[in-house]
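Report on the following structure.
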Amino acid sequence: MDLYDLTRAWVAKLAERASPSKGVLPHSFDAERRAALLYAQRFREPAPLFLRIAALLHDVERVFPAGEVRREDFADYDTYKREHATRSAEIARAFLLRQGADEALVDAVSQTISRHEHGGDRYSDTILDADSTSFFEDNFASYLAENGPERTRDKVRFMYLRMSPEARETVRGMDFEGALQSVFDEAAAGEE
Ligand SMILES: [Fe+2]
Ligand SMILES: [Fe+2]
């Protein structure tokens, strides 16, 4: 197996032990598929291997309960997200080194994951957009059901504000059902 397949197999194995509400799978695979597609569309070249591996592992810390980064431990959403990204990057780095991966690739994956919630370069920006559109399409309803409107508005605002203009347009074009649409409208209000 090459490194890409090894990473997919590891994510699938980890997902088995995570509670379904963490949504590690299919989210990780979906984010990777979207990121590869977006990158190819934007830059007219195939997504590099490190980007695909970073997309597969971007949320990996959620399946390691010891030391798990929890929203309630942080005063604001932003700090929580930075901590979550840093911890995922560290876990990804350790995994890749165990596989004997090339150091330059490990560094690139780790840097991309550590920036995946805030962006800052074309790779992390791509994962960020892929991650956000994936949330709105597949996880918005279950997130609201599980966390209630207030916390969902926080998350939606964070997701929406960080997206590129193109990704915002994609999300604005989505059809949300009743409660979702009002949470979305309130969160995104005034940000156009
Ligand atoms: Fe994340
Ligand atoms: Fe994610």
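Suppose we keep only residues that are of a type in the set (G, A, S) and part of a loop (DSSP other than H, G, I, E, B) within segment 98-113. Which one would you say is nearest to ligand 2 (Cβ to nearest atom)? Talk me through it step by step, then tell me what you get.
Of the residues in segment 98-113, the ones of a type in the set (G, A, S) are 100-101, 104, 108, 110.
Next, from what is left, pick out any that are part of a loop (DSSP other than H, G, I, E, B): 100-101.
Working: G100: 27, A101: 22 Å.
Among those residues, the one meeting the criterion is A101.
For residues in segment 47-97 being among the acidic types (D, E) and not in a helix (DSSP H, G or I), which is farthest from ligand 1 (Cβ to nearest atom)?
Kept after step one, since they are among the acidic types (D, E), are these residues of segment 47-97: 59, 61, 68, 72-73, 76, 78, 83, 90.
Keeping just the survivors that are not in a helix (DSSP H, G or I) gives 59, 68, 76.
Numbers: D59: 4, E68: 13, D76: 16 Å.
By that ranking, first place goes to D76.
Please determine whether any residue of segment 87-101 is under 20 Å from A40 (Cβ atoms) and either in contact (Cβ under 8 Å) with a residue 60 or more places away in the chain or under 18 Å from the mean Cα position of the chain (by Cα) (or both).
In the first step, residues of segment 87-101 are kept if they are under 20 Å from A40 (Cβ atoms); the result is none.
No: zero hits.
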Could you tell me which numbered condition P65 fails, if it satisfies all but one of (1) closer than 21 Å to R8 by Cα; (2) more than 13 Å from ligand 2 (Cβ to nearest atom); (3) at pLDDT 95 or above; (4) not charged (D, E, K, R)? (3)
Which number in (1) more than 19 Å from L128 (Cβ to Cβ); (2) part of a helix (DSSP H, G or I); (3) of a type outside the set (D, E); (4) more than 14 Å from the chain's Cα centre (by Cα) marks the one condition that L25 misses? (4)
Segment 128-143 - residue that is small (G, A, S) and at pLDDT below 95 and, of those, surrounded by the fewest Cβ atoms within 10 Å (Cβ to Cβ): S142
I'd like the full set of residues that are surrounded by fewer than 20 Cβ atoms within 10 Å (Cβ to Cβ) and hydroxyl-bearing (S, T, Y), limited to segment 144-170. Y160, S164, T170
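When you check V183 against the structure, is it modelled with pLDDT under 95, crowded, with 18+ Cβ neighbours inside 10 Å and among the β-branched types (V, I, T), yes or no?
Details: modelled with pLDDT under 95: yes; crowded, with 18+ Cβ neighbours inside 10 Å: yes; among the β-branched types (V, I, T): yes.
So V183 fits the description; yes.
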Looking at (1) of a type outside the set (G, A, S); (2) exposed (fewer than 12 other Cβ atoms within 10 Å of the Cβ); (3) assigned to a loop (DSSP other than H, G, I, E, B), can you tell me which one H116 breaks? (2)
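Identify all residues within segment 86-100 that are of a type in the set (G, A, S) and crowded, with 20+ Cβ neighbours inside 10 Å; write none if there are none. First the steps, then the outcome.
Taking segment 86-100 and keeping what is of a type in the set (G, A, S), we get 88-89, 92, 94, 100.
Once the filter is applied, which keeps residues that are of a type in the set (G, A, S) and crowded, with 20+ Cβ neighbours inside 10 Å, segment 86-100 yields S88, A89, A92.
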Does D125 qualify as being more than 16 Å from ligand 2 (Cβ to nearest atom) and modelled with pLDDT of 90 or more? no
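Working carefully through the options S164, S124, find the one that is within 16 Å of ligand 1 (Cβ to nearest atom) and in contact with a helix residue (DSSP H, G or I) (Cβ under 6 Å, 6 or more places away or on another chain).
Working: S164 fails: within 16 Å of ligand 1 (Cβ to nearest atom).
Of S164, S124, the one residue that is within 16 Å of ligand 1 (Cβ to nearest atom) and in contact with a helix residue (DSSP H, G or I) (Cβ under 6 Å, 6 or more places away or on another chain) is S124.
For E32, indicate whether it is without any contact (Cβ under 8 Å) to a residue 12 or more places away in the chain and part of a helix (DSSP H, G or I). Outline the logic, then answer.
Values: without any contact (Cβ under 8 Å) to a residue 12 or more places away in the chain: no; part of a helix (DSSP H, G or I): yes.
Here the answer is no, as E32 does not meet what is asked.
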Only listed residue being among the acidic types (D, E) and without any contact (Cβ under 8 Å) to a residue 12 or more places away in the chain, chosen from D125, D121, D131, D154: D121
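The values are calculated or read from the model by the stated rules, or taken from the named source; none is laboratory data. Quick caveat: nothing in here was measured; it's all calculated off a predicted structure. As a convention, Cβ positions derive from the backbone with ideal geometry for all residues, glycine included, and neighbour counts pool all protein chains shown.
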